1. How large, in Å, is segment 44-90 by the Kirkwood hydrodynamic radius built from its alpha-carbon pairs?
2. Out of G86, P26, F123, whose Cα points farthest toward the positive end of the dipole of the chain (charges: +1 Lys, Arg; -1 Asp, Glu; placed on Cβ)?
3. What is the helix-to-structure angle for 153-192, meaning the angle in degrees between its Cα long axis and the longest Cα principal axis of the chain, kept from 0 to 90 and rounded to the nearest 10?
4. Roll a 1.4 Å probe over the protein chains and send me the accessible area per residue for the chain in Å².
5. May I ask for the Rg/Rh ratio of segment 85-124, computed from Cα atoms with Rh as the Kirkwood radius, given to two decimals?
6. What percent does the relative contact order of segment 30-142 come to when contacts are Cα pairs within less than 8 Å and at least six residues apart?
7. If R0 is 30 Å, what FRET efficiency do you get for K11 and T84 from their C-beta distance, rounded to 0.05?
8. Which order do you get for M183, M170 if you rank them by accessible area with a 1.4 Å probe, largest at the top?
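The values are calculated or read from the model by the stated rules, or taken from the named source; none is laboratory data. The structure displayed is predicted, hence computed values, not measured ones. Cβ atoms come from the backbone with ideal geometry, glycine included; neighbour counts cover every protein chain shown. These area figures cover heavy atoms from the full protein model, side chains too; ligands, DNA and RNA do not enter into them. Shrake-Rupley method; radii C 1.70, N 1.55, O 1.52, S 1.80 Å.
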Amino acid sequence: KDKIPFNWETKKISDIESNIITGKTPSTSKRKYYDGNIPFVTIDDIRKAPYIVSTNKTLSKSGAESQKKKYIPNDSLCVTCIATVGLVGITTEFSQTNQQINSIVCENKNNLYFLFSSIENYFKYSSGAKDGNIFKNMNKDDFSNIYLVYPPLDILKKYYDVVSPLFNKMKLCEFENKQFEDMKKKLTPLLLYGQIKMED
């Protein structure tokens with residue numbers, strides 16, 4: 001306690017934001033549950049960048065509706081808690097995740113970026129995960145009970161106001177990168193088959 005700033009506290013993640021959702025994978029034997037328009041976030045999607053602007057897998061409406069309680073809105077924090085533990089990403093649209101991810105739905109928007117940075121730092125300095133038989137893992141209760149140093153609300157609000165433009169710029173860059181990648185995928189085959197030509 002004497003090593004944290006005056007008026008700051010130590011709080012569990014669940015005391016800061018109580019809406020924590022552990023993802024789930026719909027039945028893979030039902031092909032109709034996949035390849036739709038709903039992003040399905042996995043560990044590999046969070047490795048790419050802080051903002052999740054695209055996913056390798058998607059769910060259909062029926063696939064997502066088979067587990068209605070697993071929806072998370074945009075600006076949810078996704079934290080990997082099995083195998084590769086401690087990666088943190090932010091959703092940019094209505095999504096679902098697999099069971100390797102615990103997501104925090106922030107009721108107080110001022111918590112979003114502070115929790116992003118605090119959780120990243122927590123896992124940077126502590127594995128925070130149990131050694132399982134095969135992979136390291138952290139269940140929902142373990143994750144919810146992580147203690148973080150938490151500031152007074154006025155400082156929290158100032159922090160949000162200062163870092164918001166930086167995070168928004170990162171998000172914009174990620175969307176621009178996605179547009180370039182999409183364009184590359186469309187134009188490369190046309191270029192290879194001579195349907196378009198590069199100009200000097």
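1. Numbers: mean 1/r = 0.0838 Å⁻¹.
After inverting the pairwise mean of 1/r, the radius is 11.9 Å.
2. So the residue we want is P26.
3. 20
4. On the way: 12350 Å² over 200 residues.
Counting only protein heavy atoms, the per-residue value for the chain is 62 Å².
5. Details: Rg = 10.7 Å, Rh = 11.2 Å.
Here Rg/Rh amounts to 0.95.
6. Details: 212 pairs, mean separation 28.7, N = 113.
Relative contact order comes out at 25 percent.
7. On the way: r = 26 Å, r/R0 = 0.86.
After rounding to 0.05, the efficiency reads 0.70.
8. Details: M183 100, M170 75 Å².
Heavy-atom accessible area, descending, gives M183, M170.
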